[in-house]
1. At 25 °C and 0.890 mPa s, grab the translational diffusion coefficient of segment 57-129 from Stokes-Einstein with a Kirkwood Rh over Cα pairs, rounded to a whole number in µm² per second.
2. Keeping all protein chains in the complex and leaving out DNA, RNA and ligands, what accessible area do you get for TRP146 with a 1.4 Å probe, in Å² to the nearest 10?
3. Bin width 10 Å, origin at 0, all Cα-Cα pairs of segment 79-223: what percent of pairs per bin?
4. Under 5 Å between amide H atoms, partner at least 5 residues away or on a different chain: which partners does VAL12 have, H built in plane at 1.01 Å?
5. Taking θ = phi - 60°, what integer Hz values does the Karplus form 6.51 cos²θ - 1.76 cosθ + 1.60 yield along segment 231-236, in sequence order, with x for Gly and Pro?
6. Amide H neighbours of CYS63 under 5 Å, counting only residues 5+ apart in sequence or on other chains, H built in-plane at 1.01 Å?
7. Can you tell me which aspartates and glutamates have their Cα less than 15 Å from the Cα of LYS67? Leave out same-chain residues fewer than eight positions away.
8. Report the charge-dipole magnitude of segment 30-189 in Debye, nearest 20, computed about the Cα centre from +1 at each Lys and Arg Cβ and -1 at each Asp and Glu Cβ.
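The values are calculated or read from the model by the stated rules, or taken from the named source; none is laboratory data. What you see is a predicted model, and the numbers here were worked out from it, not measured in a lab. Cβ placement follows ideal geometry from the backbone for every residue including glycine, while neighbour counts extend to all protein chains displayed. The protein model used for the area step is the full one, side chains on, heavy atoms only, and it has no ligands, DNA or RNA in it. Shrake-Rupley method; radii C 1.70, N 1.55, O 1.52, S 1.80 Å.
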Amino acid sequence: MDNPIISVIVPVYQTAQFLEECLNSIARSTLSDLEVLLIDDGSDDGSAEICNRKTAEDPRFTCFHRKHAGISNSRDFGLEQARGQYIAWVDSDDSISEDYLEKLYRAAKTYDADWTIAVDEDVRSNILEGDDVVKQQLNGQLGVLWSSLIKRECYRGKRFADVSANEDAIMLVQIAFDHPKVVKVKNAGYHYRVRESSAVHRLQAKSLSGRLEALELRNECVRLNMPECYRFTHYSTIVEATKINRLIRHKRFEGDDQVKKAVKRTLRKHLFAIPLSSLSGRQYREVLAGYGSADWLIYKAGTAGYGIRCSRGESTSFPQRAYVEARVH
C-alpha cells in the first residue's frame, strides 16, 4: 500500500461524549488520501469501543489500545506509527471542517512549506524562514500543534517532553530550531472545544504549575540551542503566568498557594527582561496584566526605568496610556 499524504494522529483519553463527532468530521474530509491513527491511552469510558467501531467501518482508521501513559507518550507512539508525508493532529474532543486538511495541504504544496499553519485572519506576510520562525513561535504567533500541518521528517530525532501540559509548545520550538519554511494560511476549519474537565483547563495545582514548568523547560532549551533568541521567551511566559493568575483570582482550589508562588517566581524572573520595543499595543496590555499579581511588582517597575509611577488603580503609560490594577494575593 502506498504511503498516504497525511497521517492524522488523534490521541484519545476519556472523551467518549465527543469522540464520534470528532472522528466523523475527519472521515468527511475532502482530502481522502489519509491515514487516521487513534491512540487510545487506556480509556474506560466507552472511547475504546467508539474507536473500534470506526476502524471497522473505515479502513483509513487504525486504533491502538495502550496502557495509560500520558499525552506525550501517546504523541510519540503516534509518530512512530505514522507513514504520511505530513502530520496533522486533532484532539479527540475537537472537530474539523471538511476542507480543513485540503486547504492546509494545498498551501504546503504551493509554497513548498515544511510547516503550514491555519490562522483565523488574513495575514500580510505569510511566509517565514530562518530566525523569524523561532521568534514568532516564542511570541505565540505561530499557532499550536493542532493548527499545524508539518512534514513528518521535521519530527525526526525528536520526542515530546514528558510534562503535564504544554508539551506541544516544547516540540514546536524544537522544530523551529531547524529553520523550516513556514507558511500561514487563512483557515478557520479547526473547531476547538473548551471543556472545564480537559487536561488544559482543569484547575489543579499540579496541572497549573506544570504549565509554567513546561515553559521554563522550553526556555532553557532555547537558551542552550539559540541563546540569541532567549530574550523572546519572556513575553509568552508572562502571558501564561498572567492567564493562570486570573484563574486563581476567581476560583479557589486545593493547592492554590503553591500555584501563586509559582506565578510570582515566573513574573519575578521574566517581567522586567522583556524587550519592550518589540511589543505591540495588545502585547503591552497583556504584559501590564502581569503586574496585577502584587503591589511590590508595580513599585519595582516604577523604580526600574520603565516610566511607571502609580498606586492602586491609577493610570499610567507604558509608554502608551493603560490601566494597572494591583491585587495582593
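1. 163 µm²/s
2. Spelled out: TRP146, probe radius 1.4 Å, area about 70 Å².
3. That works out to 11, 40, 38, 12, 0, in percent per bin.
4. ILE39, ASP40, ASP41
5. Working through the residues one at a time gives 5, 7, 7, 5, 4, 5 Hz.
6. Under 5 Å from the amide H of CYS63: LEU38.
7. Partners within reach: ASP40, ASP41, ASP44, ASP45, ASP76.
8. Using Cβ point charges on Lys, Arg, Asp and Glu, segment 30-189 gives about 520 debye.
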